[in-house]
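Trainee: Sharing a structure here in structure tokens format.
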Amino acid sequence: MSEARSGGSAPTVLRMILGRRLQDMRQSAGASLEDAARALRVKPLTIRRLEKAEVALKPLYVEKLLETYGADRQEIDEFVALAERANEPGWWHAYRDVVPSWFTAYVSLETSATTLRTYEPHYVTGLLQTRDYARAVLRGGFPNGSEEELERRVELRLRRQSLLEGADAPTLWVVMEETVLHRAVGGSAVMREQIDRLLEVSALDHVSLDIVPFSAGAHVGACAPFTYFRFAEPELPDVVYSELLSASVYLDERVDVAAHLEAHSRMSLLTSSEDSTALLNRMRKEYS
């Protein structure tokens, strides 16, 4: 996909799906980007941005493109209705004042994924953080933010965790470094509560937690944190997200996704669920 920075409009997953469908319909009709651009009297780059979900799907543009591609009236009407829905902001839009736009795309992907595989070398992954742990992490990450902004960021993080509840919860597979448990975020009491939370969720059928011990030494995944997303919709490719200090990158090229999946799988082989549970219990005693 591309590097994402602060500013701009973060696409919803539905918009990404419709963008892919527009591309497929154009190619099936034998139309080039230039052909589609002439139909709208715009530059080919505009068509490419529509297909990549980098801009909103204007209903008039969508209707004209589908007519150009030979779609029938019912198909056009249904597609336009979906485009209007796709342009509606997600629930996370309410937090746009405290969350960079490049991260709202992440929340959209997270909300729609059926499988998430994440690697965390620094902190407990956001979906498994307790309130106090999240507050301490976010306070450190945004040292100049107000208390009100801090609480709204915490609220968003906790609200995201609701996707792990219910019958349609995605599969979550977390690999994190032992370093995470030694980083005393918020103090001993906060860490005890956080470790209790990890022990609790690791017993869930749809959550797996592997902790790579110090004894594993150097390994293939010792790098920046990343998250892999898989979706039920066939139009969406697998996506990998990796975060930098002031930006993020979303990757959907097969070679990039495969490299991250292999790294995640290799790291998981460096430990076992039993060893990870034992390590959690041992670290909890150290914070007593």
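Computed from the coordinates by the stated procedures, all read-outs in this text should not be read as laboratory data. In this text, all values refer to a predicted model and were calculated from it rather than measured experimentally. Counting neighbours? That spans all protein chains shown, and the Cβs are built from the backbone with ideal geometry, glycine included.
Trainee: So what is the calculated 222 nm ellipticity per residue for the chain, using -39500 (n - 2.57) for each DSSP H run with n of 4 or more, over all residues, to the nearest 500 deg cm²/dmol? Don't skip to the end; give the middle numbers.
Mentor: Values: 12 runs with 140 residues, N = 288.
Rounded to the nearest 500, it is -15000 deg cm²/dmol.
Trainee: Measure nothing fancy, just the Cα-based angle from helix 188-201's long axis to the longest principal axis of the chain, in degrees from 0 to 90, nearest 10.
Mentor: Helix 188-201 and the main axis of the chain meet at about 60 degrees.
Trainee: Dividing the alpha-carbon Rg of segment 83-162 by 2.2 N^0.38 Å yields what?
Mentor: Here the answer is 1.15, to two decimals.
Trainee: If you don't mind, there's one more thing I want to ask. Treating the beta-carbon of each Lys and Arg as +1 and of each Asp and Glu as -1, no other charges, what is the dipole magnitude of segment 1-122 about its Cα centre, to the nearest 20 debye? Write out the running numbers ahead of the final one.
Mentor: On the way: 17 positive and 17 negative charges, 75 e Å.
Using Cβ point charges on Lys, Arg, Asp and Glu, segment 1-122 gives about 360 debye.
Trainee: Follow-up. Average the reciprocal distances over every distinct pair of alpha-carbons in the chain, invert the result, and give the Kirkwood radius in Å. Walk me through the numbers on the way to the answer.
Mentor: Numbers: mean 1/r = 0.0482 Å⁻¹.
Kirkwood radius, the chain: 20.7 Å.
Trainee: Continuing with this model, one more query. Give, as a single signed number, the net charge of other residues whose beta carbon lies under 12 Å from the beta carbon of Gly221, with Lys and Arg counted +1 and Asp and Glu -1.
Mentor: -2
Trainee: Same structure again: Among the lysines, which fall within straight-line cross-link reach of Lys43, defined as a Cα-Cα distance under 29 Å, with same-chain neighbours fewer than 8 residues apart omitted?
Mentor: Lys52, Lys58, Lys64
Trainee: Also, quick follow-up: Which of Ala278, Tyr241, His260 sits farthest toward the positive end of the charge dipole of segment 233-282, with +1 on the Cβ of Lys and Arg and -1 on the Cβ of Asp and Glu?
Mentor: Checked the options; the winner is Ala278.
Trainee: Given R₀ = 22 Å, FRET efficiency for Ala278-Thr171 by Cβ-Cβ distance, to 0.05?
Mentor: 0.40
Trainee: Going by a ≥ b ≥ c, the root eigenvalues of the Cα gyration tensor, does segment 138-247 fall in the rounded group (a/c under 1.5), the prolate group (a/b larger than b/c) or the oblate group? It would help to have the intermediate numbers written out before the result.
Mentor: On the way: a/c = 1.30, a/b = 1.13, b/c = 1.15.
Rounded shape, in that the Cα axes give a/c under 1.5.
Trainee: Sort largest first and round to whole Å: the equivalent ellipsoid semi-axes of segment 238-288, each the square root of five times a Cα gyration tensor eigenvalue. Kindly include the intermediate steps, with their values, before the conclusion.
Mentor: Details: eigenvalues 195, 57, 8 Å².
Calculated on Cα positions only, the semi-axes equal 31, 17, 6 Å.
Trainee: First select every other residue whose beta carbon is under 13 angstrom from the beta carbon of Ser146; then total the charges, Lys and Arg +1, Asp and Glu -1.
Mentor: -2
Trainee: Moving on to the next point. Using the Karplus curve 6.51 cos²θ - 1.76 cosθ + 1.60 with θ = phi - 60°, work out ³J(HN,Hα) for each residue of segment 73-84 in order, rounded to whole Hz, and write x for Gly and Pro.
Mentor: 4, 5, 5, 5, 4, 5, 5, 4, 4, 5, 4, 5
Trainee: What residues have an amide H closer than 5 Å to that of Gly221, excluding those fewer than 5 places away on the same chain, when H is modeled at 1.01 Å from N in the peptide plane?
Mentor: Sorted by chain and number, the residues that satisfy this come to none at all.
Trainee: Highest GNM mean-square fluctuation, the chain, Cα pairs closer than 10 Å: which of Leu82, Leu209, Leu109?
Mentor: Judging by the Gaussian network model, the answer is Leu82.
Trainee: Given charges of +1 on the Cβ of Lys and Arg and -1 on the Cβ of Asp and Glu, with all other atoms neutral, how large is the dipole of the chain about its Cα centre, in debye to the nearest 20?
Mentor: Dipole about the Cα centre, nearest 20: 620 debye.
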